[in-house]
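Visitor: Right, I'll just put the structure down here and ask away after.
FYI, it's all coordinate maths here, none of it is from the lab. Note that the structure is a prediction, hence the values are computed from the model and not measured. All Cβ positions, even for glycine, are placed from backbone atoms using ideal geometry, and neighbour counts span all protein chains on display.
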Ligand SMILES: [Zn+2]
């Protein structure tokens, strides 16, 4: 019996049991007793049920659907311990001791308010099959609209979950209230979803179903001093990247991703990609990237593991390849129609590269 069949059978059994449960709760039941039907169920074999097989259709992005309307979780009163002063700023890579060849694969799970973005199961399947550790930067909104998948990921000891804001706002443009919501609401969302998941970490408790996110990634890779201070004050390290796969561009084939990424990787690199359906050929490029990097002597670790292995390379500002190159996203709406292919929405994690138009827009954009 397949895992899907097992799950369906459990669901069917529950549905069939409901009428008898309702009947058993009739006044005929003696006060203070519980009918057998309501007794504690046997422990579930979560190892067999988590994760469920991926399905290609999960990668699709759905705009303006009812499922996109999710409530903002209550984030008031969340405790926070600011990060140490020496770790404030934009972390781009990690300087490692000589001879160590570690690299961190990171995948953004971005989602804007009126959409249900995708889940690229091909990526997760490959990572698990190859026993590759990775870090996912999830939007809080994405976590709520992909509760089952988020629960699986949060329970997987090979994966680290970072915060990618509530609804992928450009935090350079956010007012104080929005800034707080975008930074803090995902923390509440993650905890809620992980706590409700059938997939549980071995170290999970009722109060802490998953570790509180220690990492944060700015949407569009865009920050300013105010938003950086807010992220660091909330206890999260701002993690950027030094290598982009450029996978948010539909123009990048799997072959192009592999060929352009490999030469950029060095020990301590943090590699940017997407797993929300807007990494267009990431899934087909990933097996080759893993194989080629391993052949070059690299091992894969989470971002926190990478940080623990060396000294982070930190810059005061956020940028893609050079300071100031993400400033254009402050006026994204003014030029996106002219500059962006119609098939490529501007809400990707890190907006994909545009055709070079002006000197200010030249260079790779992620
Ligand atoms: Zn994003």
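Visitor: Could you please rank 63, 328, placing first whichever residue has the fewest other Cβ atoms within 10 Å of its Cβ?
Guide: 63, 328
Visitor: Sticking with this structure for a sec: Rounded to the nearest angstrom and ordered from largest down, what semi-axes does the equivalent ellipsoid of region 210-308 get from its C-alpha gyration tensor (root of 5λ)?
Guide: Working: eigenvalues 137, 58, 27 Å².
Three semi-axes, in Å: 26, 17, 12.
Visitor: In percent, what relative contact order does region 86-315 have, based on Cα pairs under 8 Å that are 6 or more apart in sequence? Walk me through the intermediate numbers first.
Guide: Details: 496 pairs, mean separation 82.6, N = 230.
Value for region 86-315: 36 percent.
Visitor: Can you give me the relative contact order of region 70-198 as a percent, contacts being Cα pairs under 8 Å and 6 or more apart? Please report the intermediate quantities before stating the final value.
Guide: On the way: 156 pairs, mean separation 37.6, N = 129.
So the answer I get is 29 percent.
Visitor: Fewest Cβ neighbours within 10 Å first, please rank 62, 131 accordingly. Intermediate values should be presented prior to the final figure.
Guide: Numbers: 62 15, 131 9.
Result, fewest neighbours first: 131, 62.
Visitor: Could you list 305, 86 so that the one with the fewest beta carbons within 10 Å of its beta carbon is first and the one with the most is last?
Guide: Details: 305 16, 86 9.
Listed from fewest to most nearby Cβ atoms, that is 86, 305.
Visitor: May I pose another question? Using just the alpha carbons, could you tell me how many Å³ per residue the convex hull of region 86-315 encloses? Mind showing how you got there, number by number?
Guide: Details: hull volume 27.4 nm³, N = 230.
Per residue, the Cα convex hull of region 86-315 comes to 119 Å³.
Visitor: Here is a further query. Students often get this wrong: which residues of region 195-235 have the backbone nitrogen under 17 Å from the point 7 angstrom along Cα-to-C-beta of residue 78?
Guide: Taking a point 7 Å out along Cα→Cβ of residue 78, the residues of region 195-235 whose backbone N falls under 17 Å are 195-196, 207-219, 227-235.
Visitor: May I ask for the Kirkwood hydrodynamic radius of region 167-252, worked out over all distinct Cα pairs and given in angstroms to one decimal? Numbers along the way, then the final one.
Guide: On the way: mean 1/r = 0.0680 Å⁻¹.
With all distinct Cα pairs of region 167-252 included, I get 14.7 Å.
Visitor: Using only the alpha-carbon atoms of region 137-204, report the extent along each of the three principal axes, biggest first, to the nearest angstrom.
Guide: That works out to 39, 20, 18 Å along the principal axes.
Visitor: Rounded to the nearest 5, what is the percent of antiparallel bridges among the DSSP beta bridges in region 86-315? All intermediate terms of the calculation are to be shown ahead of the outcome.
Guide: Details: 5 of 28 bridges.
Taking every DSSP beta bridge with both residues in region 86-315, the antiparallel ones total about 20 percent.
Visitor: Starting from the 7 Å offset along Cα-to-Cβ, what nm value, one decimal, do you get for the label separation of residue 260 and residue 173?
Guide: 2.4
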